[in-house]
Amino acid sequence: MESPLTPARTLTDLSAWRAQWLAARDDPDGYWLERARALISWRTPPTRGCEGDFWSVEEAPLRWFADGRLNVSYQCLDRHLPARAAQTALIWEADEPGRHRHVTYAELHAQVCAAARGLERLGVEPGDRVIIYMGMTPEAVVAMLACARVGAVHSVVFGGFSADALRDRVLDSGAAVIITQDEGRRGGRPVPLKAAVDAALAGSPAAAAQVRAVVVSARVGDEGRAGPAWAWVEGRDVPWAALVRDDAPHEARAFEAERPLFILYTSGSTGKPKGLLHTSGGYITYAAHTHREVFGLREGDVYACVADVGWVTGHSYIVYGPLANGATTLLFESTPLYPDPGRYWRLVETHRVNILYTAPTAIRALMAEGDSWPARYDLRSLRTLGTVGEPINPEAWRWYHDVVGGGRCAVVDTWWQTETGGVCIAPIAHVTPTPPGAATRPLPGIAPVLLSPEGRLLHGPAEGHLCLEQPWPGQARTVWGDHARFVSTYFRQHPGRYFTGDGCRRDARGDHWVTGRVDDVLNVAGHRVGTAELEAALTLDRRVVEAAVVGYPHPLKGQGVCAYVVLAAGADLSAESLAGLQATVRGAIGAHAKLDRVLAVPGLPKTRSGKVMRRILRKVAEGALEDLGDLSTLADPGVVEAVVAAGRG
Ligand code: ATP
Ligand code: MG
């Protein structure tokens with residue numbers, strides 16, 4: 001039975017989208033105040049919309065709903081108890097195939113109350129920072145919501161990061177408490193979490209002095225005990241069971257809307273990660289609104305975002321958006337290839353998943369494993385398929401749509417950033433027409449414009465720097481501890497506008513195609529071409545599983561184009577296949593498109609969130625092999641060695 005969501009979704013057809021987009025442009029405060037009041041249970045509803053604009057951020061961060069008061073964990077838990085106490089809030093799909101657990105809203109609420117009391121006993125006060133360094137377990141969600149409940153600022157550090165990367169974030173955030181796990185599990189392998197915390201603190205007297213408590217949840221071992229690879233530090237380490245021992249109800253105190261909610265570091269695709277600060281009322285309004293509208297959420301849905309809570313996708317679309325909407329959200333601890341490439345599809349069949357949200361990197365990896373894997377499972381529950389993180393090449397989009405979605409599901413390619421807090425440019429599922437590979441249109445309240453690098457506003461079909469003209473509630477307020485970096489990164493080059501750093505093409509229908517980072521734009525025989533377009537062209541060739549393209553200084557042409565390709569099993573780079581690749585690219589882009597170098601590599605260097613780090617590939621193509629820049633967020637250092645070898649060869 002399908003009963004309506006409360007309140008109902010609003011973007012149910014194109015004319016509603018158009019009407020709302022115009023309303024939000026003409027009266028943004030009116031539009032967002034209505035959304036905020038409809039979606040959020042405020043203690044004191046706001047009467048003020050946005051304060052500040054893109055000219056004034058240098059003097060003071062933007063503020064939204066400043067006179068409103070709320071508790072974000074109340075929004076995600078308490079408010080649902082009358083209607084949803086027995087409904088599953090979280091489905092935990094453990095790394096071990098076949099192992100899963102359901103947590104109801106009542107159970108999650110009780111655990112968060114207990115953990116909130118525990119944090120208060122540890123002396124955590126509103127405004128204090130807490131690092132969460134855990135795997136994908138229900139306790140990680142409990143930790144996030146408990147921080148929100150007591151007004152503390154969490155900073156989730158992806159569990160795959162090293163002790164060094166963790167230490168940087170501990171020091172940068174000034175956290176006094178770390179919540180971790182004994183060990184994580186991913187793809188059948190242990191992930192050393194507690195050991196990394198110990199190493200991070202042991203390696204820095206400043207960090208050791210700053211952190212007064214380390215809470216340890218037992219994923220694999222026994223509560224409160226040392227494990228084979230880590231010690232138990234008396235007086236500092238606290239077993240999770242001790243944190244949550246007091247299960248009396250916990251009153252969710254209301255905080256002002258601009259109360260900081262979390263700090264989150266970016267993926268580091270383009271340089272040193274930035275710690276972006278998000279606040280409460282605007283963020284939760286935007287996360288709840290975009291989650292229900294973009295994916296077309298319905299009552300009773302099982303919603304599965306298979307990202308990690310260590311990234312913004314996990315914050316907005318595993319935890320805050322879905323729980324604010326009273327949805328059932330799935331937590332996936334494993335990887336798409338463990339124990340075999342059928343893992344996602346078995347997940348969909350087992351839990352009857354209606355909405356699946358993943359990344360192009362996973363889609364391409366699964367596509368390379370062939371159509372037989374999805375064919376083995378019953379995927380008829382699926383209705384909406386989402387993608388995020390990088391431009392999706394049309395080949396992968398079609399596979400997702402045709403083979404996974406059986407041609408009946410909406411594919412929503414969602415463009416957004418850690419900075420934006422939620423989806424900004426994306427189709428509305430089953431509403432917006434979707435050309436394969438386009439992020440399509442802005443959501444209401446989002447006003448994208450394209451500019452030339454010199455700042456000239458481009459009209460009609462065009463390609464240029466993607467900027468957003470109008471503030472929206474979900475956007476980051478500052479870079480933690482470095483407002484000057486925030487201003488110079490996003491507001492300097494195109495004054496009065498938020499500059500995303502991405503390039504974008506707008507076609508004659510008004511659809512948006514993200515072409516990659518503007519720093520990566522290539523000069524192909526005098527034409528400016530985004531990396532995404534060339535890479536999409538290369539993957540049209542069946543021999544190419546994945547491709548990344550960069551420019552490098554060329555003695556005659558000024559800039560040469562170098563393509564790194566991951567080949568399908570059995571394929572090679574013979575003269576004949578090279579000619580085939582050149583022809584494919586020429587056919588897709590035009591007669592001027594020519595690759596100057598093509599290098600076969602076993603894999604591409606990626607961030608731990610699965611994005612290609614083109615800056616490394618550029619350095620290798622330039623021959624600058626000594627200084628590859630910040631490698632702290634690199635997923636697999638072995639790949640870099642292979643890339644360097646290919647570059648030398
Ligand atoms: P850093 O800012 O440290 O370089 P990052 O930009 O990779 O890291 P995120 O905030 O996780 O960190 O990623 C946002 C970026 O990902 C966007 O700016 C864009 O380049 C890319 N991106 C996200 N979704 C899409 C999409 N649907 N289509 C195209 N690009 C996307
Ligand atoms: Mg970025």
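Limiting things to C-alpha atoms, what are the Rg and the maximum Cα-Cα separation (Dmax) for segment 100-256, in angstroms?
Over segment 100-256's Cα set, Rg and Dmax evaluate to 14.7, 45 Å.
Where does the chain land on Rg/Rh, using Cα atoms and the Kirkwood Rh?
Working: Rg = 23.9 Å, Rh = 25.2 Å.
Ratio of gyration radius to Kirkwood radius for the chain: 0.95.
Looking at segment 1-55, which chymotrypsin sites (Phe, Trp or Tyr not before Pro) are DSSP coil and have at most 13 other C-beta atoms within 10 Å of their C-beta? Walk me through the numbers on the way to the answer.
Working: sites: 17, 21, 31, 32, 42, 54, 55; in loops: 42, 54, 55.
Those satisfying the criteria are 55.
Picking from 549, 527, 584, whose Cα lies most toward the positive end of the charge dipole for segment 521-648 (charges on Cβ: Lys, Arg +1; Asp, Glu -1)?
Comparing the listed Cα positions along the dipole, 527 ranks first.
About the Cα centre of segment 521-648, how large is the charge dipole given +1 on each Lys and Arg Cβ and -1 on each Asp and Glu Cβ? Please answer in debye to the nearest 20.
Working: 15 positive and 13 negative charges, 59 e Å.
Value, rounded to 20: 280 debye.
Starting from one equal scatterer on each C-alpha and no solvent at all, send me the Debye-based log10 I(q)/I(0) for segment 468-539 at q = 0.15, 0.18, 0.19, 0.20 Å⁻¹, two decimals.
Here log10 of I(q) over I(0) equals -0.67, -0.87, -0.92, -0.97.
Within segment 521-648, how many Lys pairs sit with Cα atoms under 24 Å apart, leaving out pairs fewer than 8 places apart on the same chain?
Numbers: 557/594; 557/619; 594/619; 606/619; 611/619.
Final tally of qualifying lysine pairs is 5.
How much of the accessible area of segment 521-648, probe 1.4 Å, is carbon plus sulfur, in whole percent?
Details: 2910 of 5490 Å².
For segment 521-648, the apolar C and S fraction of the accessible surface comes to 53 percent.
Given segment 213-276 reduced to its alpha-carbon atoms as identical point scatterers, what log10 I(q)/I(0) does the Debye formula return at q = 0.17, 0.18, 0.22 Å⁻¹?
-0.90, -0.91, -0.91
About the Cα centre, and with charges only on the beta carbon of Lys, Arg (+1) and Asp, Glu (-1), how big is the dipole of the chain? Nearest 20 debye, please.
Working: 68 positive and 72 negative charges, 101 e Å.
Once rounded to the nearest 20, the dipole reads 480 debye.
So what is the accessible area of segment 341-395 per residue, in Å², with the probe set to 1.4 Å?
Details: 1820 Å² over 55 residues.
Solvent-accessible surface per residue comes out at 33 Å².
Against the longest principal axis of the chain, how steep is helix 575-589, in degrees 0 to 90 to the nearest 10, with axes from Cα atoms?
For 575-589 against the chain, the angle is about 70 degrees.
Any lysines with Cα under 17 Å of the residue 194 Cα? List them, leaving off those in the same chain fewer than 8 positions away.
Excluding near neighbours in sequence, the set is empty.
What is the antiparallel percent of DSSP beta bridges lying wholly in the chain, to the nearest 5? Show your work: numbers first, answer last.
Details: 57 of 96 bridges.
So the antiparallel bridges in the chain amount to around 60 percent.
Need one value: the accessible area of residue 58 in square angstrom, 1.4 angstrom probe, rounded to the nearest 10.
Residue 58 exposes around 110 Å² with every protein chain in place.
Can you give the angle from 0 to 90° between the axis of helix 281-295 and the longest principal axis of the chain, with both taken from C-alpha atoms, to the nearest 10?
Compared with the principal axis, the helix lies near 60 degrees.
Based on the Cα atoms of segment 253-296, what semi-axes does the equivalent ellipsoid have, where each is the square root of 5 times one gyration tensor eigenvalue, given in whole Å with the largest first? Write down the numbers at each step before the final one.
On the way: eigenvalues 107, 67, 6 Å².
Its equivalent ellipsoid spans semi-axes of 23, 18, 6 Å.
Just to confirm the number: angle between the C-alpha axis of helix 163-173 and the first principal axis of the chain, 0 to 90 degrees, nearest 10?
With rounding to tens, the tilt is 60 degrees.
Any chance you could tell me what percent of the C-alpha pair distances in segment 467-623 go past 19 Å?
Summing the P(r) of segment 467-623 above 19 Å gives 61 percent of all pairs.
Based on the mean of other beta carbon atoms within 10 Å per residue, what is the order of 228-237, 88-97, most packed first?
On the way: 228-237: 13.7, 88-97: 20.2.
Taking the mean over residues of other Cβ atoms within 10 Å, the ranking is 88-97, 228-237.
On a C-alpha basis, how far is the centre of segment 314-382 from the centre of segment 35-91 in Å? Whole number, if you could?
Answer, in whole Å: 29.
For residue 29, what accessible surface area do you get with a 1.4 Å probe? Give it in Å², rounded to 10.
Probe radius 1.4 Å; accessible area of residue 29 about 60 Å².
The values are calculated or read from the model by the stated rules, or taken from the named source; none is laboratory data. Please read all numbers here as calculations on a predicted model, not as lab measurements. Please note: Cβ atoms are built from the backbone with ideal geometry, for glycine as well, and neighbour counts cover all protein chains shown. We work out accessible area using only protein heavy atoms, side chains counted, and drop any ligands, DNA or RNA first. Shrake-Rupley method; radii C 1.70, N 1.55, O 1.52, S 1.80 Å.
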